[in-house]
Amino acid sequence: MKFNLNISAKIKQYSLCVLTALVFSGGSFAQLSKKQSQSRPNIIVFMVDDMGWMDTSLPFGESVMPLNKRYHTPNMERLAREGMKFTNAYAQPVCTPTRVSMLTGMNSAHARITNWTSPAKNSPTDAGDNQFSSSEWNYNGLSPVAGIPHTIHATAFPQLLKDAGYFTVHIGKAHWGSSGTPGANPMNLGFIVNIAGHSAGHPQSYLSEDFYGNKPGKGSWQSVPDLQEYYGTGTFLTDALTKEAIKTIEKPINDKQPFYLNMAHYAIHDPIMADPRYHQKYVDAGLDPIEAKYASLIEGMDTSLGDIMDYLRSKKADKNTIVIFMSDNGGLSTVPPRGGPEHTQNLPLKAGKGSVNEGGIRVPMIVKWPSVTKPATIASQYVIIEDFFPTLLEMAKVIKYKTIQTIDGKSFMPILKNANFKDDSRSIIFHIPNKWTAVDGPGINYQSAIRKGDWKMVYDMRDRSKQLYNLKTDKGESNDVAAKNPEVVQSLSAALGKQLRQWKATMPLDKRTNITAPMPDEN
Ligand code: CA
């Protein structure tokens with residue numbers, strides 16, 4: 001603390017000297033003001049893979065709960081102290097649907113990307129099923145070029161930022177399109193720099209000793225590209241990506257060119273490997289062996305956030321940089337690869353990754369925008385991943401733009417300006433007409449859900465059953481009140497069905513009848 005104060009005092013002293021020198025040298029002051037007034041903010045989206053709402057020491061619920069005590073994320077706590085915490089932020093239940101939704105502003109049902117995309121082209125990833133076959137979804141992902149089969153042709157916002165003069169950087173996991181399609185390469189989606197992003201959804205290895213999966217003769221789709229200089233140096237993947245990010249944003253900061261950094265960690269997706277910097281403390285704390293590794297992946301990710309925040313401050317770029325923390329789906333709760341009892345890893349939320357229950361879709365989100373968000377504020381208005389598209393463009397003052405697609409997202413700028421902003425009339429939708437994993441679980445496989453106000457309805461396509469929850473009193477979705485509120489079920493079914501039809505959302509095909517599963521409002 002004393003050290004920090006000294007530094008800050010020195011910076012103030014230094015600034016005063018520069019100012020005095022410039023005033024006396026005449027003329028140069030105008031130049032300084034112009035340089036200092038880079039009017040458009042830098043924007044960083046710090047995207048963590050598969051991070052659950054409870055995978056942090058920062059409580060997103062009303063109180064500190066047992067899982068908050070398990071993990072250590074001091075830099076998330078710091079970001080929340082300096083910015084706004086969103087307690088009702090949503091992503092889709094799995095990777096590619098969320099990532100494409102963010103880049104295009106489309107709901108994943110509208111983009112028809114409702115399951116993760118394989119790195120191999122033309123390879124639907126649905127598990128086999130006795131009842132359903134999955135219908136024709138866009139299993140090759142996002143494409144900036146028309147005419148590529150099984151892709152959504154859309155304009156990605158990094159392209160619009162780049163066109164508006166932003167220096168656009170992607171670091172880490174991409175997973176927007178399959179190999180052999182243009183969307184596999186982030187540079188085709190508007191990024192000027194791409195480091196380590198390609199078609200794969202997870203790393204083969206986090207370890208430099210394994211060359212991150214590039215050992216001769218041992219390569220796979222999941223071998224992480226571009227990090228040769230770290231091979232054998234003992235640098236954990238999370239740290240290597242952080243170092244690359246910091247190196248890359250130095251130039252736009254020095255040039256006073258606004259930048260967008262898509263800091264997309266491979267952490268904390270499986271393979272669940274120990275981050276050696278933090279592993280032992282969780283072993284000593286008595287955690288299950290897999291969960292000790294998992295906790296170390298989380299703390300390594302949190303250190304990356306802190307390193308980037310420290311760097312911004314050291315370059316005096318922190319006041320003009322927006323930092324948005326986000327995850328692409330809820331925490332994995334299937335065992336294996338997780339340890340402990342199945343579907344308990346996000347408690348009090350129900351289930352986890354792959355599920356339309358809260359454990360699969362409610363994620364940690366924090367936004368720090370100096371001079372706009374008030375420090376240590378909490379927003380409870382729900383937001384969803386497609387909202388990033390219009391919000392980020394508005395932050396960058398890119399107001400007039402053309403897109404191939406129709407945007408579904410809504411800017412959350414009003415919330416950033418007023419944490420108490422409330423809109424209960426909005427509906428947000430989650431749609432997985434796919435078989436994500438071989439075994440069904442709570443809200444997992446062939447499910448849709450809609451949230452409006454405090455109401456949440458889940459529609460199970462297998463037996464056409466509906467559950468209704470009041471999230472205000474029951475965010476754990478343990479008390480199904482559908483039978484007591486038939487009019488709410490009917491109204492949410494109608495809203496969900498109407499929107500899915502408007503988006504031409506896919507539904508699975510019943511193998512016995514060769515008819516698609518009915519929409520939630522069909523008899
Ligand atoms: Ca993910």
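The values are calculated or read from the model by the stated rules, or taken from the named source; none is laboratory data. The structure displayed is predicted, hence computed values, not measured ones. Quick reminder, even Gly has a Cβ in these numbers, built from the backbone with ideal geometry, and neighbours come from all protein chains shown. To get the accessible areas, we keep the full protein, side chains included, count just its heavy atoms, and leave off ligands, DNA and RNA. Shrake-Rupley method; radii C 1.70, N 1.55, O 1.52, S 1.80 Å.
Summed over all non-identical Cα pairs, the Kirkwood treatment of the chain gives a radius of 23.6 Å. Here the 3J(HN,Hα) profile of segment 105-112, calculated from phi with Karplus coefficients 6.51, -1.76 and 1.60 at θ = phi - 60°, is x, 9, 5, 5, 5, 6, 6, 6 Hz, Gly and Pro shown as x. At a 1.4 Å probe radius, carbon and sulfur cover how many percent of the accessible area of segment 108-149? Answer for segment 108-149: carbon and sulfur cover 51 percent of the accessible area.
For a Förster distance of 22 Å, can you work out the FRET efficiency between the beta-carbons of residue 470 and residue 418, rounded to the nearest 0.05? Efficiency, from the Cβ-Cβ distance: 0.30. Over all other residues within a Cβ to Cβ distance under 13 Å of residue 368, the charged ones net out to +3, with Lys and Arg as +1 and Asp and Glu as -1. Stretching the chain fully between residue 335 and residue 485 yields a gain of 50.5 nm (0.36 nm per residue, less the alpha carbon separation).
For the pair residue 131 and residue 319, the difference between a 0.36 nm per residue extended length and the Cα-Cα distance amounts to 62.2 nm.
Give the angle, between 0 and 90 degrees and rounded to the nearest 10, that separates the Cα long axis of helix 237-255 from the longest principal axis of the Cα atoms of the chain. Taking the Cα atoms of the chain, the angle to 237-255 is about 50 degrees.
Multiplying the residue separation of residue 502 and residue 378 by 0.36 nm and removing their Cα-Cα distance gives an extension gain of 41.3 nm. The residues of segment 75-224 present an accessible area of 29 Å² per residue when probed at 1.4 Å with all protein chains retained. Summed over the residues of segment 285-348 and divided among them, the accessible surface reaches 32 Å² per residue at a probe radius of 1.4 Å. Rolling a 1.4 angstrom probe over the protein heavy atoms with all chains in place gives segment 394-475 an accessible area of 45 Å² per residue. Within 10 Å of each candidate Cβ there may be at most 16 other Cβ atoms; applying that plus a DSSP loop requirement, which trypsin sites (Lys or Arg not before Pro) in segment 473-523 survive? Passing sites in segment 473-523 are 484, 504, 511, 512. A crude spin-label estimate for the pair residue 231 and residue 280, with each label 7 Å from Cα along the Cβ direction, gives 3.0 nm. Taking label points 7 Å from Cα along the Cα-to-Cβ direction, residue 288 and residue 64 give a separation of 2.4 nm. Helix 95-104 and the long axis of the chain differ in direction by around 60°, with both axes built from C-alpha atoms. Look at the Cα gyration tensor of segment 122-221: its axes a ≥ b ≥ c give a/c of at least 1.5 with a/b at or below b/c, and that counts as oblate.
Can you bin segment 57-202 into rounded, prolate or oblate? Criterion: square roots of the alpha carbon gyration tensor eigenvalues sorted a ≥ b ≥ c, rounded for a/c under 1.5, prolate for a/b above b/c, oblate for the rest. In terms of gyration-tensor shape, oblate.
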